[in-house]
1. Keeping to the range 230-263, report how many residues are open to solvent by 20 Å² or more (accessible area, probe 1.4 Å) and within 15 Å of Glu303 (Cβ to Cβ).
2. Evaluate the range 331-348: report whether one residue or more is open to solvent by 20 Å² or more (accessible area, probe 1.4 Å) and on the phi > 0 side of the Ramachandran plot.
3. Taking only pairs six or more apart or across chains, which ones have beta-carbon atoms under 9 Å, a first residue in the range 289-308 that is closer than 21 Å to Glu273 by Cβ and away from ligand 2 (no atom under 11 Å from the Cβ), and a second residue that is among the β-branched types (Val, Ile, Thr) and modelled with pLDDT under 95?
4. Which members of the range 192-217 meet the condition of being open to solvent by 10 Å² or more (accessible area, probe 1.4 Å) and assigned to a helix (DSSP H, G or I)?
5. Out of curiosity, is Glu56 under 20 Å from Pro293 (Cβ atoms), more than 21 Å from the chain's Cα centre (by Cα) and away from ligand 2 (no atom under 16 Å from the Cβ)?
6. Checking Val284 against (1) open to solvent by less than 20 Å² (accessible area, probe 1.4 Å); (2) in a helix (DSSP H, G or I); (3) within 28 Å of Leu227 (Cα to Cα), which test does it fail?
7. Checking Pro189 against (1) open to solvent by less than 40 Å² (accessible area, probe 1.4 Å); (2) more than 12 Å from ligand 2 (Cβ to nearest atom); (3) within 25 Å of Gln72 (Cβ to Cβ), which single condition isn't satisfied?
Amino acid sequence: MTDQLSTREGVRDLHAFIAGLPKAELHVHHVGSASPRIVSTLAARHPDSQVPTDPEALADYFTFTDFAHFIQVYLSVVDLIRTPEDVRLLTYEVARDMARQQVRYAELTITPWSSTRRGIDERAFMDAIEDARKAAEAEFGVVLRWCFDIPGEAGLEAAEETLRLATDDRLRPEGLVSFGLGGPEIGVPRPQFKPYFDQAIAAGLRSVPHAGETTGPETVWDALNELRAERIGHGTSSARDPKLLAHLAENRIALEVCPTSNIATRAVRTLDEHPIKEFTRAGVLVTINSDDPPMFGTDLNNEYAVAARLLDLDELGLAALAKNAVEASFLDPAGRTRLTEEIDTYASAWLTP
Ligand SMILES: Nc1ncnc2c1ncn2[C@@H]1O[C@H](CCC(=O)c2cccc(C(=O)O)c2)[C@@H](O)[C@H]1O
Ligand SMILES: [Zn+2]
């Protein structure tokens, strides 16, 4: 940041710039985006749940001791989604929250297996997300696309089922663009999922597994070599392997960086120790994302503000980050051009006195 921008006024201006900046988000989970407002509505529908409804109690509830604890709490929120109407409400309200932050395009990671195994009819599930997607685009101007992910810890049966839900022509939703892999990495080696990714890719889906969030760079190599990843979810530990950084940079394989998430799940100790600067220094295509924003007490705008501080960015640097997400997205070429131009127009207007 320049001297002027490091003044309090400058920082405030930068926040205002971020708030109005048109953005794309590539790494954000469906259930993990349930705001206190949405959680309260769902909890009121299902009063037997143990999830607190009071916002202050929720903040405590969303304080995690480690990654395993995070997944445990995450699954208690998954348990609040019991009917197709819950699925629709969650999806539609998440889009409303995105629109408030000037998010124009988002690839939302959904774990359909978690819902179908809880008894939600698979056809009704697909209809609910698609109905919400269309309404969100018409009413909020947010274009949503889906990434269906395998919950890794649940094993190959969940992988098989996720693949079926993603590729069966009678079920596959129109908005589906990619296939992912989430959950814990420790004790869940990536190569076992190769056959499922091969089939998903053959069916036209893009490969975007989480890797290197809680384990080392070898997991990122596995995601690239075995799962043919086109982007990496987190990829935090890539910083420990210069050859890997060079490979990511050379092949324009983007990292979906989620700084606050990495602190909340204790994957990284402090924000100042976050390797994002090493990524950009190595020429890696960095995108900024919020992962599970209300659970981590953040939102996409705050993640851009964090990135501005860690990378010492001004308005043009922030606009460049926003354009990285468009470049790494699975938007069609016309949509990509439109959003890139919108970002440029916004930045020029802001910077013109
Ligand atoms: N930062 C994250 N990093 C990784 N993943 C994250 C992150 N945030 C959210 N997730 C989500 O958590 C899910 C994992 C859920 C899971 O493993 C599981 C295991 C056993 C039973 C069930 C069930 O539903 O009964 C689910 C992933 O699929 C992913 O979409
Ligand atoms: Zn994630």
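1. 2
2. no
3. From the range 289-308, the pairs are Gly297/Thr63; Ala305/Val11; Ala308/Val11.
4. Answer for the range 192-217, where residues must be open to solvent by 10 Å² or more (accessible area, probe 1.4 Å) and assigned to a helix (DSSP H, G or I): Gln192, Lys194, Pro195, Tyr196, Asp198, Gln199, Ile201, Ala202, Pro217.
5. For Glu56, the condition - under 20 Å from Pro293 (Cβ atoms), more than 21 Å from the chain's Cα centre (by Cα) and away from ligand 2 (no atom under 16 Å from the Cβ) - is met.
6. Unmet condition: (2).
7. (1)
Results for (1) within 16 Å of ligand 1 (Cβ to nearest atom); (2) outside any helix (DSSP H, G or I); (3) open to solvent by 20 Å² or more (accessible area, probe 1.4 Å), shown as yes or no for each residue.
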| site | (1), (2), (3) |
| --- | --- |
| Ser49 | yes, yes, yes |
| Glu56 | no, no, yes |
| Ala59 | no, no, yes |
| Gln72 | yes, no, yes |
| Val77 | yes, no, no |
| Leu80 | yes, yes, no |
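The values are calculated or read from the model by the stated rules, or taken from the named source; none is laboratory data. Note that the structure is predicted; figures quoted are calculated from it, not measured. All Cβ positions, even for glycine, are placed from backbone atoms using ideal geometry, and neighbour counts span all protein chains on display. Surface areas here come from the heavy atoms of the whole protein model, side chains and all, with no ligands, DNA or RNA. Shrake-Rupley method; radii C 1.70, N 1.55, O 1.52, S 1.80 Å.
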